[in-house]
Every structure is written in structure tokens, then in C-alpha cells.
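Colleague: This is the structure, below, for whatever I ask next.
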């Protein structure tokens, strides 16, 4: 049968892909072409809409009777003359120029309209100076730029440049303030200090640009001295002074500040990653490669009694007959004990010998030695009884016979003292005995008797120093010096006798005398480097029934010259609010600070 198909149909059939991969690629190519057509059509629609919107906006602006829907901007207001400086004025001038440029007012308004616009951006104090003629403004011919120049001239004449220079010298970098913001503030203040920008050089009699160098030196010095971060300041100061320019200082500061911020961000992200790892370890079936989990697994392989490798049978543990030094139970060691450790206070304070007149001879039996008379120093500040190795050798006791001493000993300066051991001793004095544990020191000034030993041997009364049962008000030359017992007198009579005997110490109740001046150098409070003053302006509430008493107490402190009044309008560098609390067991107020 003859082939009736045309050559074009046969050619098209030959080009049709039969491989599935080629068929898939052909379909993707067709889809890509269709997507491109849709994107081109959408782009043309967006361009047409943008052109229509721009034409409508232009028509709306050109229509004098129409109103724009743009956001309304407020006129920048210049501060009053008393609070303004050149830096604030320049900032206002720039903002006012931007406002007039955005609003397109300057070309459309008349001279009087532009003057009215400027008056709306001035503080009422400036408008008064304008209307009274102090600014010497001519309303008939002075435009906005002329009026602004006259305001600037008025500020320069009536503001002392020393105020701006003082602000420049005291300007430091604030917390959280970047290097660029800090430098911009310094430069703005420096331009207001009244320095000549390009003075005539004394060497070449010409404006050679040395003034710019002086300005850069001022900015460099103030920038370095006012840095808040001492590490960055140290990096800048490490540069040789001949190479330390303003540009170099700014470059180092920016690099160091950026590196610190980057390091802080990296540490923060690392902590977050670690936190995520800790959370993920709780998922079921998750394999945790954390080394802590491996150590925990190794801990399960150890014996819970001795801590060594786990035994095949519990009876094979060598610690089954050992007593624990922590809980006292049998069957495990101290480092494997699961009971809470006992809190023992082993830190003892030892006093110090002052004079030989205070020594007391006491008979002592130390260890296996015989009774011997030893000179002791009674020290009520000591918490334990101490003897030196030399004194121990004199009484016949050897150091090798001492028991192990686990107590931590410290001297009056809280410095640690080394103990050679301890020994049991019995002290006797006037029929009273005192058995104690003597701590032996390698070096020292002599045996020391603790407060407990002083009470046991009758050197001080029981309960000392809280119990005082006698008071002598008579001098040795008057009478026979008989002691008067406090129990036989009332508190009021004793108070009256003390007032009569020491009138220079106790003034009359109706008389308030200032405190006597201190002897010696004035008190000095040292602050840590980088410490800044703290001010707390919020006052704490004082109960109504305490206010009169608190005011009277403050007035008394002022009369005694303990505190002083702060002039109105001034605030000290350090400022804290007073806290008033009741006294213990009473309803009377007491100031905590």
C-alpha cells in the first residue's frame, strides 16, 4: 500500500521525542516559556499603574484648589535664648531647611508669608525679641536667611564660649553610644566653642590650615580621654604619639568596637546552640554524643560502694566492712556516700599577744608530761587554745606524739596558720580545772588562752561582755572607793550621775551642739576605675505619723553638722533616697541611710 503521509508530517513525527527524559525536558521548557510570558504581562500592567499614579499625583500638586494627602510635618521649633547653644541652633537650622524643602513653601509664599513661617518655628521668647526690635529685623526687606543670620549673631554675642568649651572638655562617651555618634557630638560641640577655624599662622602670616590641625588635635585628645571602654583606650594609647592622628584613633576605635560586638554576637549564638543541644538530648531515640553523657555511662560501670570497677558479685567489694567517715554507716566509703555532707565549722580565730604584763601563770598538764607552770595570754577574741612547738618541747611533750588536726586556723588578720597537730591538756588555776584541745603552731609568740578557757578558769565573768554588775563613780582620792551595785540604783539616777561627772560628753537635752572636728587627715573614699555617679530621684514614701519626727531628726542632724542642706536647683553627683523603717520592737522611725 503506498505511503500517503506528507513529508512535513513525517518530519514532525521524526522530531517528536520518544525518550522519557527528553519528553520531560521539553515539557519543562514549555512551562518556562509560559511563565516568562505571564511575568512580562504582569510587569507591563505594573508599569502602567505606576505611570497613572504619578500623573495623578502631579495633577493633584498642580491643582491650587486641591489638597494633597501627604503626611503633615510639624515645624521645627528653636529653643528659647536661655537654653540654646550653637550646636542646637545648627541642628534646628538644618531641620528647618529640610522642612521648607519638603513642603515646597519657599517658592510659593510671599515675603510676609515666609516670615510668618519662620515665626511659627521660634520659641515665644524669640518672637518677643523680634517684635521689640532687639534682633534688629526689618520686616519690609529681611528674608528668612537674613533673619536666621541675625539670630545666630545674637546667640554668639550673648553666649560665653567658655560654657561650650567646658561642655567639650567634660563630654565623655555614654553607655551604649557608638564611636561615630560620640565623635559627631564632639565635633558639633567643638564648632560651637568659638575657636578660629583657619587662623593666621604666626610663622608664615597666612591662613595656612594650621587651625584645622589644632581642631583635629583637640578632637583626638578628647576622643581618647572620653572613651568608656578602657580596653579600647589602651589599644589607642599603645600607638606611638608621633603616629597618633585623629584618623588613626578613629580607625582603631571602630575596629576594636566592631570586633567586641562580633565576639559578643558569636558568644550569644554559641550559648543558644548549646541550649538547643541540651534540649534535643531529651528526645526519645536520639543518640547524644555529649561527653557528659559518656561520663555518666562510665559512672554506671563503677561500684557504688568503693568507686572502682564494678564487681561481678557484691561480696567481692573490699569496702563492705569499711565505715563511712561521712555518715558513719558500714558498707561504703566517704567519696561514694549518698548522704548529705556534714557541715562542720572548723575555722577558728587566734588572737595576738600585746604586752607581757597581761600574761597569767597557769598550771598545765599537757599530754603525758607532768604538771608544769606555764605563762598564758588570756585573749577573749580567740576561739581556740594554742601553744607553740618550742613551748611544747619545754614541758616535755614531743611533736610526734600529736594527733592530726583538721581545724582551719587563722590569725587576727584572717591569714591562715599552719597547725602541726593537737594534744589534750588540763589547765588548773585556784581550784578550777579546764580540759581542752591545744592546737600546736610551728611559730608564734606564746601560749594563748581562749575566751572559753578564761571563763572556765575564772579570769572573766560568765556571759562576758554582756553582763556588767559593778560601776565605780568615785575617784581613788574620794572616800574608800566603795563600788555601787547597779541593782540598788535606778537607771535614771545612774544616768544623772554620769551626766554630772562627764558634762563635756553629755550636753543638756535642750542644747544641740555640733560634732567636734575629726583629728587627723580628712576621710577619703576610693572608687573603682570606671565607676560613674548614681542618682536616684524617686523619693520613698514616709508614713504620715512619722513625717514630723523625721523632719525633727533631720533638723537635729543639720544643727549637729552631720548633714547639710543642698542649695535649691543643685543636685549632688551621688544621690540616694532616704529609707525610713521602724526600730526593732517599737513603732519609732529609724533612718537606714
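Quick note: the coordinates plus some simple rules give every number you see, no bench work behind them. If you're wondering where the values come from, they're calculated on a predicted model, not measured in any experiment. Cβ placement follows ideal geometry from the backbone for every residue including glycine, while neighbour counts extend to all protein chains displayed.
Colleague: What FRET efficiency comes out for residue 170 versus residue 309 if R0 is 41 angstrom and r is the Cβ-Cβ distance? Round to the nearest 0.05. Intermediate results must be reported in sequence, preceding the final value.
Modeller: On the way: r = 70 Å, r/R0 = 1.71.
Calculated value: 0.05.
Colleague: For segment 86-159, compute Rg over Rh where Rg is the Cα radius of gyration and Rh is the Kirkwood radius from the inverse mean 1/r over Cα pairs. Before the final figure, lay out the partial values.
Modeller: Values: Rg = 12.1 Å, Rh = 12.8 Å.
Taking Rh as the inverse mean 1/r over Cα pairs, Rg/Rh reads 0.94.
Colleague: Kindly state, to the nearest 0.05, the FRET efficiency for residue 195 paired with residue 410, given R0 = 56 Å and r defined as their beta-carbon distance. Walk me through the numbers on the way to the answer.
Modeller: Values: r = 62 Å, r/R0 = 1.10.
It comes out at approximately 0.35.
Colleague: Taking the inverse of the average 1/r across all pairs of different Cα atoms in segment 522-593, what Kirkwood radius in Å do you get?
Modeller: 14.7 Å
Colleague: Still on this structure, I have one more. At 0.36 nm per residue, and after removing the present C-alpha to C-alpha distance, how many nm does the segment from residue 371 to residue 338 gain when stretched out fully? Write out the running numbers ahead of the final one.
Modeller: Details: separation 33, 0.36 × 33 = 11.88 nm, distance 4.67 nm.
Between residue 371 and residue 338, full extension yields an extra 7.2 nm.
Colleague: Follow-up question, since we're still on this one. Within 10 Å of each residue's Cβ, count the other Cβ atoms and sort 390, 164 from fewest upward. Mind showing how you got there, number by number?
Modeller: Numbers: 390 12, 164 20.
Sorted ascending by nearby Cβ count, the order is 390, 164.
Colleague: On a full-extension model of 0.36 nm per residue, what is the gain between residue 112 and residue 229, subtracting their alpha-carbon distance, rounded to one decimal in nm?
Modeller: Numbers: separation 117, 0.36 × 117 = 42.12 nm, distance 5.29 nm.
That works out to 36.8 nm of additional length.
Colleague: Another one. With label points built 7 Å along Cα→Cβ from the Cα atoms of residue 38 and residue 238, find their separation and express it in nm.
Modeller: 6.0 nm
Colleague: Still on this structure: Can you tell me the relative contact order of segment 86-159? Whole percent, Cα pairs under 8 Å, sequence separation 6 or more. Mind dumping the intermediate values first?
Modeller: Numbers: 27 pairs, mean separation 25.4, N = 74.
So the answer I get is 34 percent.
Colleague: What order do you get for 182, 537 when you list them from fewest to most C-beta neighbours inside 10 Å?
Modeller: Values: 182 20, 537 7.
Least to most surrounded, the residues fall as 537, 182.
Colleague: Before anything else, pin down the relative contact order of segment 347-456: Cα pairs under 8 Å, at least 6 apart, normalised by residue count, whole percent. Spell out each step's value before the answer.
Modeller: Details: 251 pairs, mean separation 40.7, N = 110.
It comes to 37 percent, rounded to a whole number.
Colleague: Would you mind giving the three semi-axes, in whole Å and largest first, of the ellipsoid equivalent to segment 347-456 according to its Cα gyration tensor? Working shown, then result.
Modeller: Working: eigenvalues 70, 60, 31 Å².
After diagonalising the Cα gyration tensor, the semi-axes are 19, 17, 12 Å.
Colleague: Here's another thing I want to ask about it. Could you work out how far apart the two model spin labels at residue 426 and residue 157 are, taking each label as a point 7 Å from the Cα in the direction of the beta carbon, and quote it in nm?
Modeller: Using points 7 Å along Cα→Cβ, the separation is 10.5 nm.
Colleague: Taking every DSSP beta bridge with both residues inside segment 347-456, roughly what % is antiparallel (nearest 5)? Present the calculation step by step, with values, prior to reporting the outcome.
Modeller: Numbers: 23 of 32 bridges.
Just about 70 percent of them are antiparallel.
Colleague: Each label point is 7 Å from the Cα along the Cα-to-Cβ direction; what then is the distance between the points at residue 330 and residue 437, in nm?
Modeller: The two pseudo-label positions are separated by 2.6 nm.
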